[in-house]
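Structure record follows, encoded as structure tokens.
The values are calculated or read from the model by the stated rules, or taken from the named source; none is laboratory data. Fair warning: this is a prediction, and the values are worked out from it, not measured in the lab. In this analysis, Cβ positions are derived from the backbone assuming ideal geometry, glycine residues included, and neighbour counts consider all displayed protein chains.
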Amino acid sequence: MTGATLFGLCAAVLVGLGLYGAIVHHLILRRIVAFNLLGAGAFLLFGVVARRGTGAGMGGDPVPQALVITGIVVAFSATALAVALLLRLHAVRAAEDADR
Amino acid sequence: MSLLLDIFTVVAVSLGAVFFLAGAVGLLRFPDTLTRLHALTKADNVGLGLIVLGLLPQTERPLAAVKLIVAWLLVQLASGTVSQLIARTARRTEPPA
Amino acid sequence: MTFALAFDCGLAVLILAMAIWTIAARTTFPAVVGFVAYGLLLTLVWMRLAAPDVALTEAAIGGGLTGVLLLGATSRLRATEPPAVSERPSVPFRLAVAGLCTLLSAAIAAVVLLLPDPAPTLAPEAAAKLSLTGVGNAVTAVLLAYRALDTLLESAVLLLALVGVWSLAPDRFWGGAPRSLALRHRDGSLSLLGQVLPPIGIVLGVYIVWVGADAPGGKFQGATIIGAMWVLTMMAGLQTPPEISQAWVRVILVAGAAFFLAVGIAGFWLAGAFLAYPTGFAKSLIVAIEVALTLSVAATLGLLVAGPPARPVRT
């Protein structure tokens with residue numbers, strides 16, 4: 001077994017764990033964290049595919065690596081939007097409770 | 001000469017790893033926030049310092065050695081600040097033992 | 001078992017332990033701390049997978065900025081967090097979900113084990129045309145030459161996310177400044193760090209963008225460091241977030257994507273296709289786009305952390 005395969009199996013477990021957390025948790029913030037954990041596992045799968053595609057003197061296939069960099073940045077902006085939505089939701093709820 | 005340097009590296013890095021281990025044990029075993037911080041600073045300052053010191057002879061260019069030292073100094077700065085923040089928060093929120 | 005494989009095994013075990021901790025922790029704060037540690041460990045994995053560019057991105061964004069964002073949200077929502085285990089779903093439901101997730105993991109693991117050998121790769125193609133772009137880092141070449149459209153869309157996605165965050169502001173605050181990021185209890189040591197670190201961090205960020213053309217690094221990694229320095233000065237209370245209706249804020253935010261788009265459209269006339277670079281000018285255009293994008297991405301990331309406007313416009 002190579003290191004790449006090992007991390008591939010690790011990534012498979014991470015995706016499962018993240019999905020479990022995203023479904024089971026009641027708090028939305030915990031779901032956001034779990035979803036990020038799932039996403040990191042998916043990125044890791046890309047990394048394993050990239051690592052297997054060594055060639056032309058490179059340590060790995062640069063195309064999946066570039067896709068992962070794009071993915072990490074997009075995942076962050078999605079997380080920022082999700083967190084902002086959550087905070088707004090709480091603010092609206094708190095205001096409604098105060099009115100009642 | 002290079003064998004001597006290799007031995008120096010192995011000894012210094014191992015010693016650094018021992019400090020990290022001790023810091024981790026302290027983090028788990030000590031009773032309150034301030035003593036745990038005390039354990040962590042040993043790992044951060046001395047442990048990382050020894051590892052950087054041990055890696056210095058292995059660098060190929062002087063610039064790489066400078067980068068290693070800068071990394072160590074930046075960790076010092078960050079960990080010192082964070083320790084202060086944690087300690088002050090702990091003193092505000094936790095009753096003195 | 002070789003030493004390298006033993007190291008990889010240890011790393012994998014640590015990551016799985018951190019992941020389980022993150023999912024199983026009883027309250028949110030330890031879960032988020034676990035997630036940050038998980039991100040930093042992943043950085044080591046990316047180094048082991050010979051992907052230093054991704055490692056830098058993961059360390060800066062996955063471990064750093066996401067951590068700041070999630071920790072900030074945790075502390076603001078702490079008062080509303082119900083006591084742990086009060087609203088856990090029933091055991092049969094959790095078992096069913098665990099079973100299905102295990103099935104998913106097993107399927108992915110099977111795919112990993114059945115990947116074709118030799119693996120398909122675009123590395124030779126990427127290397128063959130590398131000299132035409134003039135850059136030495138193949139990942140940068142993919143991001144800004146071969147698949148430049150992806151990167152252009154990505155810079156638009158960042159702006160869209162920011163527009164989404166801003167649109168959550170109550171009407172009376174529209175155009176105002178986001179809430180202050182400063183800690184409730186001002187701290188001298190943080191204010192010292194906020195003054196000592198940014199000059200070093202900005203130089204480091206610029207350096208990482210600059211070497212990104214030929215060595216591991218690039219605009220997203222460098223921009224994240226610069227953006228993080230901005231967030232640090234705001235957290236230390238040395239700066240307040242700007243009002244979002246100011247013209248200079250808007251100009252900085254769109255400058256990168258607008259310049260990228262302009263170069264892309266100019267490609268129609270100069271090189272015969274959208275986002276094509278004229279021969280001989282590829283590297284200088286790539287570096288120019290990276291510089292423009294760096295400033296915009298740094299500002300966007302900082303404002304994404306700052307959140308929607310929460311103060312009325314000063315008149």
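Some values worked out for this structure:
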| read-out | value |
| --- | --- |
| Subset of segment A:22-43 (residues that are over 22 Å from residue C:305 (Cβ atoms) and either of a type in the set (Gly, Ala, Ser) or at the interface with chain C (Cβ under 7 Å from one of its Cβ atoms) (or both)) | A:22, A:23, A:24, A:26, A:41, A:42 |
| Meets criteria (in contact (Cβ under 8 Å) with a residue 60 or more places away in the chain and either within 23 Å of residue C:11 (Cα to Cα) or crowded, with 18+ Cβ neighbours inside 10 Å (or both)) for residue C:30 | no |
| Test set (1) of a type outside the set (Ser, Thr, Tyr); (2) within 30 Å of residue C:208 (Cα to Cα); (3) facing chain A (nearest Cβ under 7 Å) - residue C:77 fails condition number | (2) |
| Among (1) loosely packed, with under 15 Cβ neighbours inside 10 Å; (2) modelled with pLDDT of 85 or more; (3) more than 7 Å from chain A (Cβ to nearest Cβ) - the single one residue C:86 does not satisfy | (2) |
| Helices (runs of 4 or more DSSP H) wholly inside chain B that include at least 2 residues being at pLDDT 85 or above and among the charged types (D, E, K, R) | B:2-29, B:62-93 |
| Extreme residue, farthest from residue B:14 (Cα to Cα), among residues of segment B:65-97 that are surrounded by 13 or more Cβ atoms within 10 Å (Cβ to Cβ), away from chain C (no Cβ under 11 Å) and small (Gly, Ala, Ser) | B:90 |
| Among (1) more than 7 Å from chain C (Cβ to nearest Cβ); (2) surrounded by fewer than 19 Cβ atoms within 10 Å (Cβ to Cβ); (3) not small (Gly, Ala, Ser), the one test that residue A:64 misses | (2) |
| Failed criterion for residue A:7 (all others in (1) free of Cβ contacts under 8 Å to residues at least 40 places away in the same chain; (2) part of a helix (DSSP H, G or I); (3) at the interface with chain C (Cβ under 7 Å from one of its Cβ atoms) hold) | (1) |
| Boolean, residue C:253 is farther than 20 Å from residue C:62 by Cα, touching a residue at least 60 places away in the same chain (Cβ under 8 Å), under 19 Å from the mean Cα position of the chain (by Cα) and more than 11 Å from every other protein chain (Cβ to nearest Cβ) | yes |
| Matching residues in segment C:229-277 - criterion: being crowded, with 16+ Cβ neighbours inside 10 Å, in a helix (DSSP H, G or I) and of a type outside the set (A, V, I, L, M) | C:230, C:233, C:256, C:259, C:260, C:264, C:267 |
| Helices (runs of 4 or more DSSP H) within segment C:124-226 that include 3 or more residues within 14 Å of chain A (Cβ to nearest Cβ) | C:130-133, C:138-141, C:148-166 |
| Residue among B:41, B:81, B:35 that alone is touching a residue at least 12 places away in the same chain (Cβ under 8 Å) and under 30 Å from residue C:187 (Cα atoms) | B:41 |
| Residues (in contact (Cβ under 8 Å) with a residue 60 or more places away in the chain and of a type in the set (Ser, Thr, Tyr)) located in segment C:164-213 | C:167, C:180 |
| Per-region count, segment C:105-123, residues more than 7 Å from chain A (Cβ to nearest Cβ) and part of a loop (DSSP other than H, G, I, E, B) | 4 |
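Residue-wise test of (1) of a type in the set (D, E, K, R); (2) at pLDDT 90 or above; (3) surrounded by fewer than 17 Cβ atoms within 10 Å (Cβ to Cβ).
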| position | (1), (2), (3) |
| --- | --- |
| C:175 | no, no, yes |
| C:186 | yes, no, yes |
| C:202 | no, yes, yes |
| C:212 | no, no, no |
| C:216 | no, no, no |
| C:227 | no, yes, no |
